[in-house]
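Written out below as structure tokens is the structure these notes cover.
Computed from the coordinates by the stated procedures, all read-outs in this text should not be read as laboratory data. Quick caveat, the model's predicted, so the values are computed rather than measured. Positions of Cβ are generated from backbone atoms using ideal geometry, with glycine treated the same way; all protein chains shown enter the neighbour counts.
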Amino acid sequence: MREVEAERIAQAVAELCVRVNYRLGEDVLRALKDALGREHSELGRWALEQVLENARIAREGKFPLCQDTGVAVVFVRMGQEVRIVGGSLEEAIQEGVRRGYREGYLRKSVVRDPLRRKNTGDNTPAVVHYRVVPGEELEIALMAKGAGSENMSGLAMLTPADGRDGVRRFVVEQVRRAGGKPCPPVIVGVGIGGNFELCALLAKEALLRPVGERNPDPFYARMEEELLSEINSLGIGPQGFGGRVTALDVHVEAAPCHIASLPVAVNIQCHSARHAKIKI
């Protein structure tokens, strides 16, 4: 049995909150630079140049990449041989978010109640997902998810008769309807299967995958490439100014489902794809 101090987790989460909001991942930076080389639209190229310059300024000056520093979404993979000491795991994560958003001068965007709208003042509670796995590992992935892209996401309960083509139509239409609102070029997370809530979680988890990394199943890898090509043919372009690069990538995750169901969810991520993971 391995023991992990709650304070160590809180500090690690706090550091993740700051890091993801100040530094765009190298995979995203590479994809943006590649997009600049492929984009033929003059306005689209200008928009990509601004996005890359913004990332440089944020990294070097230690500023948030975007004024919307998002809701903290945390994915925990905890080995069943791990024991948290000195406090609870949940409170350690929430304290880490509280601390990180305060010390990093990050905007507090969480309201306590969805209709009465009073701000909690510290960006908690974070949304936390737990998965218990064998062994002694403790891995924490944190995503700062802004509302502009999150609001453009959607879910559909298709029927098995809709099949692959029905999924394709839904995904592409969701991106088409979003247009320039989620600050393209976007990354599109797609969850297929499971049930109502699991397909949405799959779509969110898909966004943690590095840009350019394909689903290990060739069937879904091919689907990702086909969806990416069709989405980029929509002509929305960087920041909605028109062009060839509407999406940097499409990531599909799938799970077993009921014989009478075909759930599909789309979770859109803006170009400021802020996430990182650590092992403690």
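Some points to look at:
- Relative to its Kirkwood radius, the Cα radius of gyration of the range 34-90 gives an Rg/Rh of 1.27.
- Charge context of N119, other residues only, Cβ under 12 angstrom, K/R +1, D/E -1: +4
- Over all pairs of different C-alpha atoms, the range 144-277 has a mean inverse distance whose reciprocal, the Kirkwood radius, equals 14.4 Å.
- Order of C270, C199 under a 10 Å beta carbon neighbour criterion, fewest first: C270, C199
- Computed from backbone phi, the HN-Hα couplings of the range 121-137 come to x, 9, 6, 9, x, 6, 8, 10, 10, 10, 9, 8, 10, x, x, 10, 7 Hz, rounded to whole numbers (Karplus: 6.51 cos²θ - 1.76 cosθ + 1.60, θ = phi - 60°; Gly and Pro given as x).
- Under the convention that each Lys and Arg Cβ holds +1 and each Asp and Glu Cβ holds -1, the size of the dipole of the chain around its Cα centre is about 740 debye.
- Listed values for the range 263-269 are Karplus-derived 3J(HN,Hα) couplings in whole Hz (6.51 cos²θ - 1.76 cosθ + 1.60, θ = phi - 60°), namely x, 9, 10, 10, 10, 8, 10, and x replaces Gly and Pro.
- Bridgeable lysines around K204 (alpha carbons under 18 Å apart, same-chain partners fewer than 8 residues away excluded): K145, K277.
- Centroid-to-centroid, using Cα positions, the range 189-252 and the range 93-140 are 26 Å apart.
- Environment charge at L36 (Cβ cut-off 15 Å; Lys +1, Arg +1, Asp -1, Glu -1): +1
- Take every pair of alpha-carbon atoms less than 8 Å apart whose residues are at least six positions apart; their mean separation over the length of the range 148-273 yields a relative contact order of 45 percent.
- Taking amide H as placed 1.01 Å from N in the peptide plane, L158 has its amide H under 5 Å from the amide H of L262, V264, each at least 5 places away in sequence or on another chain.
- Under 5 Å between amide hydrogens, built in the peptide plane, is the criterion, and for R214 it picks out nothing among residues at least 5 positions away or on other chains.
- With the charge dipole of the chain set up from +1 on Lys and Arg Cβ and -1 on Asp and Glu Cβ about the Cα centre, the Cα lying farthest toward the positive end among the listed residues A35, G242, G166 is that of G242.
- Each of K108, K118 was scored by other Cβ atoms within 10 Å of its Cβ. Arranged with the fewest first, they read K118, K108.
- Counting only Cβ charges, +1 for Lys and Arg and -1 for Asp and Glu, the dipole size of the range 148-273 around its Cα centre is about 300 debye.
- Antiparallel bridge percentage (DSSP; both residues within the chain; nearest 5): 55 percent
- Residues of the range 50-84 with amide N under 19 Å of the 7 Å Cα→Cβ point at K33: 50-61
- Ascending count of other beta-carbon atoms within 10 Å, so fewest first, for V13, V167, V211: V211, V167, V13
- The calculated P(r) of the chain, using every Cα pair and 10 Å bins from 0, goes 7, 28, 33, 24, 7, 1 in percent.
- Tensor-based shape of the range 1-55 (alpha-carbon gyration tensor, a/c under 1.5 rounded, otherwise prolate or oblate): prolate
- Taking V245, V28, V132 as the candidate residues, the one with maximal mean-square fluctuation in a Gaussian network model of the chain, Cα springs under 10 Å, is V132.
- Local electrostatic count at A156 - Lys and Arg +1, Asp and Glu -1, tallied over other residues with Cβ under 15 Å: +1
- With each label modelled as a point 7 angstrom along the Cα→C-beta vector, the K181-D217 pair spans 3.0 nm.
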